[in-house]
Amino acid sequence: MAFSQMNEDEQELYLDVLRDGTTPFDRFVARGKMEDTVDIPGPRINIDRYLFRSIRQTQSDSSARMLPILGSAGTGKTHAYWAYKSIERRLTQEDQEDANVAGNYPEQWTIVYVPSPPAAVRILLHVYTCLLDELTADILTVVSDNLVTRWGGHKKKKLGIFGGQDLEETIQNGIREYPGIFADCVKSLCIFALDKERQGLAERWLLGEDLDEDELDVLGINTVIESDDVCLAMIKLICENAGRSIVLYFDELESPYRMHGPEAEQKFLETLKQVYNNVKNVVIVLAVLKEIWPRVLETADQAMKSRMEQERELEFFKFDDLKLYFAKAMEYFWAKNNLNPPIYPLFPLNEQVLKVIFDKTDGNQRSIIKLIRLFVDKIVYDEMTLEEVIQSGKSDAVPVGTTTAIPDAVPAAAPSTKEEKSIIDKIEEMMKDEDYTIEANPASVAGAALKSIKVLAEKFNKKINIDMDFKFQVGKRSYSLAGVIEFEGKKYGLEIPAVKSFDKSGGVAAFYAAKRLTQAISTNSVDVALLIVPEGTGGAKYTSLLSQNEGKMFKYEFNEESAKFLIQQAIKQPSKEGKIIAEQILGEMADYEPPMAPWEMPAPEAEEGNPEDAPSEPSPDQPSAE
């Protein structure tokens, strides 16, 4: 018997630790911000060779490369990123544990996770933000030092009172190498490296923070980072002068299509092509659902397809992979809880049960983890004994009620009690929550607003045209808006400031967003402006612009909760806020009843006979229910 070498006290000790701790199976889906700790390289061994060969080739010739990685849902596309990040960290450790690491992999590279935004809005700003988040602000020091040294700045730094002239000459040398749209980027990097008094301001500009007009004047700069052209210029400068190759790992390539359809996907692919065409020393990885890939190829133009390497596919677990995964996951768990592993490495399951799990899931990694958790939870919460686990494996049957969570499972006996059924429901709810995470950022909120308008227009048979990432000219300078909606001969410009969250004022970013809309109105690029800002946004310049454009510019305030609800509801049933924005364009929609937000739900009625739960009388300063 599997556990025969363990006495009852030992078994109970390990089960107690399982009850108290978070097991490696408590999360089914890898996230870009949540590291996976257990890696089984077998399913992606061919992709490893493919990626590392591409990195070496890029290091040799500095050319960009684009690598599609395909996989069905749950086969580990996001997990692969964490595996490569782990390898990168091992390579950069001074005290390498494995002396063979450097020989097996290319050196001097960094992988950057780029989650796909839910709409093709300001993709380049999204990429730039991910780049700085991963490389940290230290990369600005590395890049600026490398460039300034090349442009002769450090050699001339010792000329005392002539230092100002030296800085200007360094800037001019830089602009000769990187002319045009690069000018402000070059200037800011030179100031950051050579001018201690203005270094802080230059760093804030490079990090994409909001500077007011006076601060921009101090730097002698006219642009802001969130402009597409400037973003692309900074991405190029960083990737080409970071002293290492950069791997941009684009995950969930299907998201723009899911939110906005083929036009958004096409714009996203166009942006990726821009990066490929303009940036050297970069490897672009496209992680995409296998089932979606034919549609992506159909959407991409011939130039884009010609730039892609041959796609590679992630494989499912083999049974040996599953056993190794479970043993390593449990070993990690025991070590984290300061315990030596049990004598039997597959405790609290066994090889027979794992074989059943493998057969029921066809080796799909995510489904395997879900089903393992169902088994482990039943043992931990005393719904199954260890003896029953062993018998389940021997009889080649899944315990009662567990197969409902796995597609195409062999039918099992129906749950015998309401209690068992409720456990299944709870687990399935948890899976849904785990698989769907909403992040309210400028791209997702702008995308959700545009989607809400589109859904409601279709519902009321209104013909509109949406242009995402709309560009317009003011003199020689190019500006962009999050989107423009055309309806009945009018153009409605939608814009949103580059804020990190919606739980505090939009600050100066809101002023710049309002300013872009004002310029769009003044150049007749749009007729009406729609401005989405965080709740409580204020400021003299901001409110002045709103006043100047009264009747032409309309603001919509969101907090974190209402922004997330807008995103959640956009695809099927737009929220009240989505309806209000759409009505500014389409007119009143009295027949549409938006869904009730969680914070609008009525409190549950008090039970009869319980005076403590009875509603209190309204206070004098509160309106009564009447």
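The values are calculated or read from the model by the stated rules, or taken from the named source; none is laboratory data. All of these numbers come straight from a predicted model, not from anything done at the bench. Every residue, glycine among them, receives a Cβ derived from its backbone with ideal geometry; neighbour counts consider all protein chains shown. To get the accessible areas, we keep the full protein, side chains included, count just its heavy atoms, and leave off ligands, DNA and RNA. Shrake-Rupley method; radii C 1.70, N 1.55, O 1.52, S 1.80 Å.
Restricting to region 440-479, name every residue that is modelled with pLDDT of 85 or more, polar (S, T, N, Q) and open to solvent by less than 40 Å² (accessible area, probe 1.4 Å). Of everything in region 440-479, just one residue is modelled with pLDDT of 85 or more, polar (S, T, N, Q) and open to solvent by less than 40 Å² (accessible area, probe 1.4 Å), namely S452.
Please go through region 101-111 and pick out each residue that is open to solvent by less than 80 Å² (accessible area, probe 1.4 Å) and either outside any loop (DSSP other than H, G, I, E, B) or modelled with pLDDT under 55 (or both). Can you show your working first?
Restricting attention to region 101-111, the residues satisfying the condition of being open to solvent by less than 80 Å² (accessible area, probe 1.4 Å) are 101-103, 105-106, 109-111.
Within region 101-111, V101, A102, G103, W109, T110, I111 qualify.
Selection of region 184-210 for residues being open to solvent by 30 Å² or more (accessible area, probe 1.4 Å) and within 32 Å of the chain's Cα centre (by Cα) yields K187, Q199, G200, L201, E203, R204, L207, G208, E209, D210. Restricting to region 243-282, and then to whatever is within 22 Å of F182 (Cα to Cα) and either β-branched (V, I, T) or in contact with a Pro (Cβ under 9 Å, 6 or more places away or on another chain) (or both), can you tell me which residue is most open to solvent (accessible area, probe 1.4 Å)? Residue satisfying both the conditions and the ranking: T271.
Test D98 against the stated conditions and say whether it is open to solvent by 10 Å² or more (accessible area, probe 1.4 Å), modelled with pLDDT of 90 or more and of a type outside the set (K, R).
Numbers: open to solvent by 10 Å² or more (accessible area, probe 1.4 Å): yes; modelled with pLDDT of 90 or more: no; of a type outside the set (K, R): yes.
It is false that D98 is open to solvent by 10 Å² or more (accessible area, probe 1.4 Å), modelled with pLDDT of 90 or more and of a type outside the set (K, R).
Here A482 fulfils each of the conditions (1) touching a Pro at 6+ places or on another chain (Cβ under 8 Å); (2) open to solvent by 20 Å² or more (accessible area, probe 1.4 Å) apart from (2).
Taken over region 581-600, the criterion of being surrounded by fewer than 22 Cβ atoms within 10 Å (Cβ to Cβ), hydrophobic (A, V, I, L, M, F, W, C) and either in contact (Cβ under 8 Å) with a residue 40 or more places away in the chain or not in a loop (DSSP other than H, G, I, E, B) (or both) is satisfied by I585, L586, M589, W599.
Just to be sure before I move on: is I69 under 30 Å from T361 (Cα atoms), open to solvent by less than 10 Å² (accessible area, probe 1.4 Å) and assigned to a helix (DSSP H, G or I) in the structure I sent? Spell out the reasoning first.
On the way: under 30 Å from T361 (Cα atoms): yes; open to solvent by less than 10 Å² (accessible area, probe 1.4 Å): yes; assigned to a helix (DSSP H, G or I): no.
It is false that I69 is under 30 Å from T361 (Cα atoms), open to solvent by less than 10 Å² (accessible area, probe 1.4 Å) and assigned to a helix (DSSP H, G or I).
Residue by residue, here is whether (1) open to solvent by 60 Å² or more (accessible area, probe 1.4 Å); (2) modelled with pLDDT of 90 or more; (3) in a strand (DSSP E or B) holds:
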| position | (1), (2), (3) |
| --- | --- |
| K500 | yes, no, no |
| K504 | yes, no, no |
| A509 | no, no, no |
| T518 | no, yes, no |
| N524 | yes, yes, no |
| A529 | no, yes, yes |
| G551 | no, yes, no |
| K555 | yes, yes, yes |
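For first residues located in region 363-388 and modelled with pLDDT under 75, partners that are assigned to a helix (DSSP H, G or I) and open to solvent by 10 Å² or more (accessible area, probe 1.4 Å) and lie 6+ apart or on another chain with Cβ distances below 6 Å form the pairs V380/R19; M384/K378. Within region 246-301, the set of residues being among the charged types (D, E, K, R) and at pLDDT 85 or above comprises D251, E270, K273, K280. Out of all the residues in region 254-277, is one or more in contact with a Leu (Cβ under 7 Å, 6 or more places away or on another chain), more than 30 Å from Q11 (Cα to Cα), not in a helix (DSSP H, G or I) and not charged (D, E, K, R)? Among the residues of region 254-277, not one is in contact with a Leu (Cβ under 7 Å, 6 or more places away or on another chain), more than 30 Å from Q11 (Cα to Cα), not in a helix (DSSP H, G or I) and not charged (D, E, K, R), which makes the answer no.
Any residue at all in region 297-319 that is among the charged types (D, E, K, R) and more than 31 Å from the chain's Cα centre (by Cα)?
Step one: filter region 297-319 for residues among the charged types (D, E, K, R), giving 298, 301, 305, 307, 309, 311-313, 315, 318.
From the residues that got through so far, the ones that are more than 31 Å from the chain's Cα centre (by Cα) too are none.
No, region 297-319 has no match at all.
In this entry, I235 is excluded by the filter for residues that are in a loop (DSSP other than H, G, I, E, B) and either open to solvent by less than 50 Å² (accessible area, probe 1.4 Å) or at positive phi (or both).
Quick one: would you say V526 is under 20 Å from K267 (Cβ atoms), touching a residue at least 12 places away in the same chain (Cβ under 8 Å) and among the β-branched types (V, I, T)?
yes
Kindly indicate whether any position in region 307-330 is among the hydroxyl-bearing types (S, T, Y) and either open to solvent by 80 Å² or more (accessible area, probe 1.4 Å) or not in a helix (DSSP H, G or I) (or both). No, region 307-330 contains no residue that is among the hydroxyl-bearing types (S, T, Y) and either open to solvent by 80 Å² or more (accessible area, probe 1.4 Å) or not in a helix (DSSP H, G or I) (or both).
Cβ separations smaller than 6 Å between residues 6+ apart or across chains give the following pairs from region 47-67 residues that are of a type in the set (V, I, T) to residues that are open to solvent by less than 20 Å² (accessible area, probe 1.4 Å): I47/I69; I55/P106; I55/W109; I55/S245; I55/V283; T58/S245; T58/V283. If you go through region 303-353 and pick out every residue that is closer than 25 Å to V285 by Cα and touching a Lys or Arg at 6+ places or on another chain (Cβ under 8 Å), you end up with 7. Evaluated against (1) assigned to a helix (DSSP H, G or I); (2) charged (D, E, K, R); (3) open to solvent by less than 70 Å² (accessible area, probe 1.4 Å), E226 falls short on exactly one condition, (1). Filter region 338-360 down to the residues that are outside any loop (DSSP other than H, G, I, E, B) and open to solvent by 10 Å² or more (accessible area, probe 1.4 Å), then identify the one that is nearest to K77 (Cα to Cα). Checked region 338-360; the qualifying residue nearest to K77 (Cα to Cα) is F358. Among the residues making up region 5-17, none is modelled with pLDDT under 75 and part of a helix (DSSP H, G or I). Of the residues making up region 18-58, those that are open to solvent by less than 30 Å² (accessible area, probe 1.4 Å), over 30 Å from S245 (Cα atoms) and either modelled with pLDDT under 75 or among the aliphatic types (A, V, I, L, M) (or both) number 4. All conditions in (1) in a helix (DSSP H, G or I); (2) open to solvent by 10 Å² or more (accessible area, probe 1.4 Å) hold for E291, with the sole exception of (1). Checked against (1) surrounded by 13 or more Cβ atoms within 10 Å (Cβ to Cβ); (2) more than 20 Å from F470 (Cβ to Cβ), G578 passes all but condition (2).
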